[in-house]
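Chemist: One structure is given below, represented as C-alpha cells, and several questions about it will come after.
The values are calculated or read from the model by the stated rules, or taken from the named source; none is laboratory data. If you're wondering where the values come from, they're calculated on a predicted model, not measured in any experiment. Reconstructed Cβ throughout: ideal geometry from the backbone, glycine too, with neighbour counts over all protein chains shown. Just the protein is used for accessible areas: all its heavy atoms, side chains included, with ligands, DNA and RNA removed. Shrake-Rupley method; radii C 1.70, N 1.55, O 1.52, S 1.80 Å.
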Amino acid sequence: MTDTQAAPDLKLPTDVDSAPDPQNTTLLAKVGFLLCALYSAWHLYVLNIAPLETWAFRIMHIAGALILGFVLSSALSVRPAQESGQSSRLSVGLGVLSLIATTLALGSVLAAMWFFEPGQSAPPEWTLAIFGWTLAGGTLLAVVTGWVYPARQNQLPISDIALIIATLASFGFVLFSLDTLSLRLRAGTPFADPNNGWAAFAIVVLIAEMTRRVAGMALVVIALVFIAYAFMGPWMPGFLEHRGYDAKRFFTYVFTDNGVLGPTTAVSSTYIILFIVFAAFLQSSKVGDYFVNFSFAVAGRARGGPAKVSVLASGLMGMINGTSAGNVVSTGSLTIPLMKKVGYRPQSAGAIEAAASTGGQIMPPIMGAGAFIMAEITGIPYTELVVAALIPAILYFASIYLMVDFEASRTGMRGMRADELPRLKDLIRQVYLFLPIVILIGALFAGYSVIRAGTLAIASAAVVSWLTPYRMGPRQIYEALGLGGRMCIQIITVCACAGLIVGVISLTGVGARFSNLLFDLAQQSTLLALIFAMMIAIILGMGMPTTAAYAVAASVVAPGLIEIGIKPLVAHFFVFYFAVVSAITPPVALAAYAGAAIAGSEPMRTSVTSFKVGLAAFIVPFMFFYSPGLLMEAPWYIILRNMVTALVGVYMLAGSVQGWFIGPAGPVIRLILLAGALCMISGSWQTDLIGIAIGGTLLFRGLQISRKTA
C-alpha cells in the first residue's frame, strides 16, 4: 500500500484470493476444488439434514480428507519438474507396481462385497486372501516413491493415484466390516478379522504421509516416537516402562474411539469443519476484509498504528482460523510491511503479528478449534467455555497492546496518516457486517446446538453479503464451499494424527503414570507441579498445530492436574493456553517462523521476541489457577476484583519487559515492576494491595518526572 492509496482499498490477502478460477487453472486443480466443495456440502447435509451412523461418518470424514489431500498436494505443488529421464522412468515403474498392488487390494474388497450374501457370517475366504499383503505393500511402496520422486507441479503421479486407491481399499474394508465381520470400534474390543489389522496399518501409514505433506515432519516424528514407545515399553526406564504390545494389538487399538476415531475426529468431523466453512464464507463475502479495515480505522492513527491494527485484526480473524501460523500468513502479509514502514524492526514486526495471531486461538466465541475438543473431552457445555475464556483473552490482548504501545512510545514511532486509512464513519455504516458473529453468539446462548448455530452463521454470512458489492451468488457459494474443504484438509489430517498419539497414551497408560508423577510433585509444591505441567504442555505442543498440541497435552497433562485437586475447567484451560503459546515459544515456534518469513527477519530472533511480546500468556494461566474468578468461577464482585487487579499486573509486566513506564525505566525500576506484577498472581487481597501500592508509587514518580522534564 502506498502513501496515496485510498483507505477503502485496504485488502486482506485471504485464501479466497488464491481460490482456483475455473478459467485459469489446470483440470486437476478444477477437479480437486470441485471435490472440496462437494466434501464441504456433504458435511453440511449430513450434520443438518440426514445424519449417518457415527462410525461410518467418522470413517468417511477421514477418508475424504485423505483423498482430497492426495489430489491437491500435487495440484498445488511448487516443486520443479524432475530432470532425470531415468529417475522419471523409475518413478513410473515403482508407481505402477504400487498401483497394481493397491488395485488388487481394492478388488479384493469389492469381490468380498459382491459375493457376500445376507445371513452369512463372513464373505468367502478366497475373496480376501491377498488383501492384507497387497494393501500394506502397495501403500508403503507408493509412500516411498513419493518421498524419493516428489510430484511435479499440477500433475497427479501414479504413486499418488495408488495412495488414493489404498485409501478407498482400507477405509472401504473397514466400512464393509462394520456390518459383515462384527467389527467393533470401541476400545477394548478386538477386531474380529486379521485383515482389519492390515487395514488399520495402511490407514496409519496414509495418515502419517498426509500429515507430512500438510503439516511438516515435526508432528509425524512425534507420532512415530509414540508409536515406537508402544512397542518398546519393556526396555523403557522408570515410570515410562510398560509391558509392550504386538502389532496386531496396537493397530487394532489405535483405530478405535480411544485413538484415531476418538474425540479429535469427533470434533473435526462436526464443529471444526463447520466453522472452517464459516470462515470461508466470511472471507468469500469479504466480511474478513471488513474486520481488518475496521481495525485500521480504529487503531491506525495511534502511535505504532499498524502494530495495534495487527492486535485487533488478528484477534478478530484468528478466532475463526484453525491455526496460529495460518492467521499470521493471512493478516501478517498486510500488517507486517506497514509495521516496518512506521519504524518497527523486522523481527519486532514479525513477532508482534505472531503473538497477536496466536492469541486469536483463545479469542471467544470460536477460539480456533481447540475449544471444541475441550468441550468434547470435558463434557463442559461450549457456551460455558466461551464465557470462561473471555477475561483471559482480554488480559492476553491487553498485554500485547500495551507491549506495542510502550515500544512505540520508547522509540517515538508515528501512526498512519488519515489519507492512508479507511474512514471510521463509513465503516460504522457497514457495522451490519458483524451480524454473522452476533448471530452465532446469540444462537449459542439462545440454546441452539453448536452445529445449528454454526449453520445459521454460515447462512447469515451469505445473506449479509447481499447488502454489499460482493453479493454471494451460486458461484461465490461454490467457491466458499471449495475453499472451506481445502482449508480443512490440514486440520482434519492433524486431528487424525493426534488421535494416533492419544491412542498410544491410552493404550500404554503413560498418562496415568504421569498423573501419579504430578501428584507426587504436588505433595512437595503445587507451584512446582504447575511449572512442570507447563513445560510438558509446551514441549508436546512445539512443532504442532494448536489443535493437535492441545489434544495431546490434554491426554497427558490435564488428568494429572485434575488428580491433584484442580477443577477440570481450570486444568484444561491451563493446558490449552500453554498448548496455544507453544506456537511462539523458542526453539520451535511455528507462528513466529511464519512471521519471520514475511518480515524477512532471522527466525530464531523473531521467536525470542514473540516470546517476550506474548509473555503475559505464560502468566495468565497461573493467575486463573490462583484466582478462579478470571474464569467466571466466583461471585461477580470477586470476578471484578480479579479482573481489575490482573489488568494492573499485566500493565506492570508490559512496562517491565519494555523498559517503559510513563517514561524510560532503568533496570531497578523494571525489577520493581516485575515484582509488582508477580504480586498480582495469587489473587489474595494482601498481595493485590502490595502490587497496587508498587504500581501507584511508580506511576506517581513517573508523572512527577515527566512534569519536570516537560
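Chemist: Specify the residue that is surrounded by the fewest Cβ atoms within 10 Å (Cβ to Cβ); the eligible residues are those in region 39-52 that are closer than 26 Å to residue 177 by Cβ and without any contact (Cβ under 8 Å) to a residue 12 or more places away in the chain.
Modeler: The selected residue is 50.
Chemist: Here's another thing I want to ask about it. If the requirement is being of a type in the set (A, V, I, L, M) and open to solvent by 20 Å² or more (accessible area, probe 1.4 Å), which of these qualifies: 203, 222, 207?
Modeler: Numbers: 203 fails: open to solvent by 20 Å² or more (accessible area, probe 1.4 Å); 207 fails: open to solvent by 20 Å² or more (accessible area, probe 1.4 Å).
Of 203, 222, 207, the one residue that is of a type in the set (A, V, I, L, M) and open to solvent by 20 Å² or more (accessible area, probe 1.4 Å) is 222.
Chemist: Shifting gears a bit: Out of all the residues in region 680-710, which are in contact with a helix residue (DSSP H, G or I) (Cβ under 6 Å, 6 or more places away or on another chain), open to solvent by less than 30 Å² (accessible area, probe 1.4 Å) and part of a helix (DSSP H, G or I)?
Modeler: 688, 691, 695, listed by residue number.
Chemist: On to the next question. Can you list residue pairs whose Cβ atoms sit under 8 Å apart, with the first residue in region 497-516 being more than 20 Å from residue 208 (Cα to Cα) and outside any loop (DSSP other than H, G, I, E, B) and the second being open to solvent by less than 10 Å² (accessible area, probe 1.4 Å) and among the basic types (Lys, Arg)? Count only pairs 6 or more apart in sequence or on different chains.
Modeler: Hits for this filter: zero, empty list.
Chemist: I'd like to check something: does region 561-581 contain any residue that is more than 24 Å from residue 388 (Cβ to Cβ) and of a type outside the set (D, E, K, R)? Show your work before the answer.
Modeler: Our first condition is that a residue be more than 24 Å from residue 388 (Cβ to Cβ); within region 561-581, this holds for none.
Checking region 561-581: not a single residue is more than 24 Å from residue 388 (Cβ to Cβ) and of a type outside the set (D, E, K, R).
Chemist: Here's another thing I want to ask about it. Among (1) assigned to a helix (DSSP H, G or I); (2) without any contact (Cβ under 8 Å) to a residue 12 or more places away in the chain; (3) open to solvent by 60 Å² or more (accessible area, probe 1.4 Å), there is one condition residue 478 misses while meeting the rest; what is its number?
Modeler: Of (1) assigned to a helix (DSSP H, G or I); (2) without any contact (Cβ under 8 Å) to a residue 12 or more places away in the chain; (3) open to solvent by 60 Å² or more (accessible area, probe 1.4 Å), only one is false for residue 478: (2).
Chemist: Six or more apart or on different chains, Cβ atoms under 9 Å: show the pairs whose first residue is in region 137-150 and aromatic (Phe, Trp, Tyr) and whose second is not in a helix (DSSP H, G or I).
Modeler: Matching pairs, first to second residue: 149/82; 149/157.
Chemist: Do you know which of the residues in region 457-471 that are hydroxyl-bearing (Ser, Thr, Tyr) and part of a loop (DSSP other than H, G, I, E, B) is nearest to residue 445 (Cα to Cα)? Outline the logic, then answer.
Modeler: First, the residues of region 457-471 that are hydroxyl-bearing (Ser, Thr, Tyr): 460, 465, 468, 470.
Pick out the ones that are also part of a loop (DSSP other than H, G, I, E, B) and you get 468, 470.
Working: 468: 28, 470: 30 Å.
The extreme case among them is 468.
Chemist: While we're looking at this one, here's another question. Taking region 228-264 as the region of interest, how many residues are farther than 19 Å from residue 175 by Cα and either open to solvent by less than 40 Å² (accessible area, probe 1.4 Å) or not in a helix (DSSP H, G or I) (or both)?
Modeler: The qualifying residues number 15.
Chemist: Related question: Being open to solvent by 10 Å² or more (accessible area, probe 1.4 Å) and not in a helix (DSSP H, G or I) is the filter here, so list the residues in region 369-411 that pass it.
Modeler: Across region 369-411, the qualifying residues are 379, 380, 381.
Chemist: Separate question: What are the residues in region 551-570 that are out of contact with any Phe, Trp or Tyr (no Cβ under 6 Å at 6 or more places or on another chain), assigned to a helix (DSSP H, G or I) and crowded, with 24+ Cβ neighbours inside 10 Å, if any?
Modeler: Correct list: 551, 552, 553, 554, 555, 558, 561.
Chemist: Name the pairs whose Cβ atoms lie under 7 Å apart, with the first residue in region 97-120 and farther than 21 Å from residue 141 by Cβ and in contact (Cβ under 8 Å) with a residue 40 or more places away in the chain, the second assigned to a helix (DSSP H, G or I) and open to solvent by less than 20 Å² (accessible area, probe 1.4 Å), and 6 or more positions between them or separate chains?
Modeler: That search, which allows pairs on different chains as well, returns 112/127; 112/128; 116/180.
Chemist: Here are some residues: 220, 277, 225, 267. Which one is in contact with an Asp or Glu (Cβ under 7 Å, 6 or more places away or on another chain), closer than 25 Å to residue 73 by Cβ and part of a helix (DSSP H, G or I)? Let's see the steps before the verdict.
Modeler: Numbers: 220 fails: in contact with an Asp or Glu (Cβ under 7 Å, 6 or more places away or on another chain); 277 fails: in contact with an Asp or Glu (Cβ under 7 Å, 6 or more places away or on another chain); 225 fails: in contact with an Asp or Glu (Cβ under 7 Å, 6 or more places away or on another chain).
Testing whether each residue is in contact with an Asp or Glu (Cβ under 7 Å, 6 or more places away or on another chain), closer than 25 Å to residue 73 by Cβ and part of a helix (DSSP H, G or I) leaves just 267.
Chemist: Taking residue 626 and the conditions (1) closer than 22 Å to residue 359 by Cα; (2) in contact with a helix residue (DSSP H, G or I) (Cβ under 7 Å, 6 or more places away or on another chain), which numbered condition does it fall short on, given that it satisfies the others?
Modeler: Residue 626 satisfies all of (1) closer than 22 Å to residue 359 by Cα; (2) in contact with a helix residue (DSSP H, G or I) (Cβ under 7 Å, 6 or more places away or on another chain) except (2).
Chemist: Mind listing just one residue for me: the one in region 97-154 that is within 27 Å of residue 73 (Cα to Cα) and assigned to a loop (DSSP other than H, G, I, E, B) and, of those, most open to solvent (accessible area, probe 1.4 Å)?
Modeler: That would be 153.
Chemist: While we're on this one: Return the total of residues in region 421-454 being among the small types (Gly, Ala, Ser) and not in a helix (DSSP H, G or I). Step through it out loud before you land on a result.
Modeler: Here is the first cut: in region 421-454, the ones among the small types (Gly, Ala, Ser) are 442-443, 446-447, 449, 453-454.
Restricting the remaining residues to those that are not in a helix (DSSP H, G or I) gives 446-447, 449.
Summing the residues that are among the small types (Gly, Ala, Ser) and not in a helix (DSSP H, G or I) in region 421-454 gives 3.
Chemist: Name the pairs: first residue in region 406-424 and of a type in the set (Gly, Ala, Ser), second residue buried (at least 21 other Cβ atoms within 10 Å of the Cβ), Cβ to Cβ under 8 Å, at least 6 apart or on different chains?
Modeler: From residues that are of a type in the set (Gly, Ala, Ser), the pairs are 408/304; 408/307; 409/660; 415/300; 415/304; 415/305.
Chemist: State yes or no: is residue 345 open to solvent by 10 Å² or more (accessible area, probe 1.4 Å), among the basic types (Lys, Arg) and touching a helix residue (DSSP H, G or I) at 6+ places or on another chain (Cβ under 7 Å)? Talk me through it step by step, then tell me what you get.
Modeler: Values: open to solvent by 10 Å² or more (accessible area, probe 1.4 Å): yes; among the basic types (Lys, Arg): yes; touching a helix residue (DSSP H, G or I) at 6+ places or on another chain (Cβ under 7 Å): no.
So residue 345 does not fit the description; no.
Chemist: Restricting attention to region 328-341, and to residues there that are of a type in the set (A, V, I, L, M, F, W, C) and open to solvent by less than 20 Å² (accessible area, probe 1.4 Å), which single residue is modelled with the highest pLDDT?
Modeler: Applying the first criterion (of a type in the set (A, V, I, L, M, F, W, C)) to region 328-341 yields 328-329, 334, 336, 338-339.
The next check asks that each one be open to solvent by less than 20 Å² (accessible area, probe 1.4 Å); those that pass are 328, 336, 338-339.
Values: 328: 82, 336: 86, 338: 78, 339: 82.
Ranking the qualifying residues of region 328-341, first place goes to 336.
Chemist: How do the helices (runs of 4 or more DSSP H) wholly within region 578-653 filter down when requiring 3 or more residues that are open to solvent by 60 Å² or more (accessible area, probe 1.4 Å): which remain?
Modeler: On the way: elements: 590-599, 603-613, 616-626.
Output list reads 590-599, 603-613.
Chemist: Could you pull out the residue among 513, 486 that is farther than 30 Å from residue 618 by Cα and in contact with a Phe, Trp or Tyr (Cβ under 8 Å, 6 or more places away or on another chain)?
Modeler: Details: 513 fails: farther than 30 Å from residue 618 by Cα.
None of the other options fit; the residue is 486.
Chemist: Among the numbered conditions (1) part of a helix (DSSP H, G or I); (2) of a type outside the set (Ser, Thr, Tyr); (3) at pLDDT 80 or above, tell me where residue 298 comes up short.
Modeler: (3)
Chemist: Please identify the pairs in which a residue from region 342-355 that is within 21 Å of residue 326 (Cβ to Cβ) and at pLDDT below 85 has its Cβ atom under 7 Å from the Cβ atom of a residue that is acidic (Asp, Glu) and crowded, with 23+ Cβ neighbours inside 10 Å, counting only partners at least 6 apart or on another chain.
Modeler: From residues that are within 21 Å of residue 326 (Cβ to Cβ) and at pLDDT below 85, there are no pairs.
Chemist: Out of the residues in region 501-535 that are within 24 Å of the chain's Cα centre (by Cα) and modelled with pLDDT under 85, which is nearest to residue 259 (Cα to Cα)?
Modeler: Of the residues in region 501-535, the ones within 24 Å of the chain's Cα centre (by Cα) are 501-506, 511, 530-535.
Checking the rest, the ones that are also modelled with pLDDT under 85 come to 506, 511.
Values: 506: 8, 511: 14 Å.
The residue in question is 506.
Quick grid of which residues meet (1) closer than 16 Å to residue 196 by Cα; (2) modelled with pLDDT of 75 or more:
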| site | (1), (2) |
| --- | --- |
| 77 | no, no |
| 89 | no, yes |
| 94 | no, yes |
| 106 | yes, yes |
| 145 | no, yes |
| 151 | no, no |
| 160 | no, yes |
| 176 | yes, yes |
| 181 | yes, no |
